[in-house]
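Notes to accompany the following structure.
The values are calculated or read from the model by the stated rules, or taken from the named source; none is laboratory data. Remember, predicted model here, so these are calculated numbers, not experimental data. We place every Cβ from the backbone using ideal geometry, glycine too, and count neighbours over all the protein chains shown.
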Amino acid sequence: MWCRTAISSNFCSMYKAKTPRSGPRHESQSGGAGALALPGANENPKERTIMMENEKKTVGVMGAMPEEIRLLHQRMTDRGEETAAGVTFYTGVLAGRRAVLCCAGMGKVNAACGAQLLIAKFGADALIFSGIAGNMTDKIGVGDVVIGKTLLYHDAERRMIAESWPHLQEFQGDPAMIAAAEAACGEAGVKYLVGKIATGDDFVGDSATKNAIAAKCAPDCVEMEGAAVAHVAAKYEVPCVVLRAMSDNADEKAYDTLVDKPFDISEYCATAARICEGLICRL
Ligand code: ADE
């Protein structure tokens, strides 16, 4: 399994302290991942094995909110950036991992394009998507988080789509990444549930549409990108996890809730960035 070791937050800080300041593959002096120096790594063979394995991983992080990506970018070392398909990708080292960050835009196509570039162009071998969503359950409320166990399209002909590889009508979050996300949410003091995320290209802001989606697939929340990211990840057999903070209740007040700010997105961005970093250091 990609993430087979339960690594404590102690490990996270230990790893951070020992992370070499050499960077991702764009750095000419590193000579590639296998040549990175691992200071102190031979003190403990088990630790060395974990660290060497970590060096091979590149985490792709997609944020719905530029502010969250900006905060994560500030926390990176060995920073580089490159633009592809109109999206800026920020490379570097974050929480002891090579990471590539981007804000790919709203909707399924923008998300799929961003996810594919992260994997195929930037070498991501794990994907995290972090954003906001409309709440569809009374188990949680605005400000709480859904971690995607199952992701599906609510606005698509799923059987026909599943005729192509990977022949799935719904997609699964990676169990180890979900566990890491749960631990990171717990550490950040954020209430969460592990549940079902439904994706479509419309913002859901009326009860009739909300009820129709609930009747169709009973999701815990609705948003506009998650299943597309999970779909691309499944095509490439790359593990992924989608995190969504509830910004509204997907009803008539949804848009105003976003604009009038009972849910303060920029305030949540700091929490989202903390959760994301906490997740990465557990992988
Ligand atoms: N993202 C945040 N709230 C949403 C909603 N109500 N519908 C779709 N995407 C969302």
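Here are the numbers:
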{"quantity": "Options Ala212, Ala228; residue that is within 16 Å of the ligand (Cβ to nearest atom), closer than 20 Å to Gly114 by Cα and assigned to a helix (DSSP H, G or I)", "calculated": "Ala228"}
{"quantity": "Every residue from region 117-155 that is surrounded by fewer than 24 Cβ atoms within 10 Å (Cβ to Cβ), touching a residue at least 24 places away in the same chain (Cβ under 8 Å) and over 19 Å from Ala104 (Cα atoms)", "calculated": "Thr137, Lys139, Ile140, Gly141, Val142, Gly143, Asp144, Lys149, Thr150, Leu152, His154, Asp155"}
{"quantity": "Pick from region 231-251, criterion of a type in the set (Asp, Glu) and closer than 27 Å to Asp264 by Cβ, ranking: nearest to the ligand (Cβ to nearest atom)", "calculated": "Asp248"}
{"quantity": "Subset of region 121-159 (residues that are among the aliphatic types (A, V, I, L, M) and in a strand (DSSP E or B))", "calculated": "Ala126, Leu127, Ile128, Ile132, Ala133, Val145, Val146, Ile147, Leu151, Leu152"}
{"quantity": "Answer from Lys253, Lys191, Lys216 - the residue that is closer than 15 Å to Thr150 by Cβ, over 15 Å from the mean Cα position of the chain (by Cα) and surrounded by fewer than 17 Cβ atoms within 10 Å (Cβ to Cβ)", "calculated": "Lys216"}
{"quantity": "Pairs, first over 16 Å from Gly134 (Cα atoms) in region 215-233, second away from the ligand (no atom under 11 Å from the Cβ) and of a type in the set (D, E, K, R), C-beta under 8 Å, six or more apart", "calculated": "Ala228/Lys108"}
{"quantity": "Count - residues of region 188-228 that are under 18 Å from Ile178 (Cα atoms) and of a type in the set (Gly, Ala, Ser)", "calculated": "7"}
{"quantity": "Total residues in region 189-238, condition closer than 20 Å to Ala272 by Cβ and acidic (Asp, Glu)", "calculated": "3"}
{"quantity": "Filtered residues of region 64-96 (kept if crowded, with 23+ Cβ neighbours inside 10 Å, modelled with pLDDT of 95 or more and not hydrophobic (A, V, I, L, M, F, W, C))", "calculated": "Thr91"}
{"quantity": "Residue list for region 163-201, filter: away from the ligand (no atom under 16 Å from the Cβ), closer than 16 Å to Ala230 by Cα, touching an Asp or Glu at 6+ places or on another chain (Cβ under 9 Å) and not in a strand (DSSP E or B)", "calculated": "Pro166"}
{"quantity": "Test: Ile275 is within 13 Å of the ligand (Cβ to nearest atom), over 17 Å from Val109 (Cα atoms) and either part of a helix (DSSP H, G or I) or of a type in the set (Ser, Thr, Tyr) (or both)", "calculated": "no"}
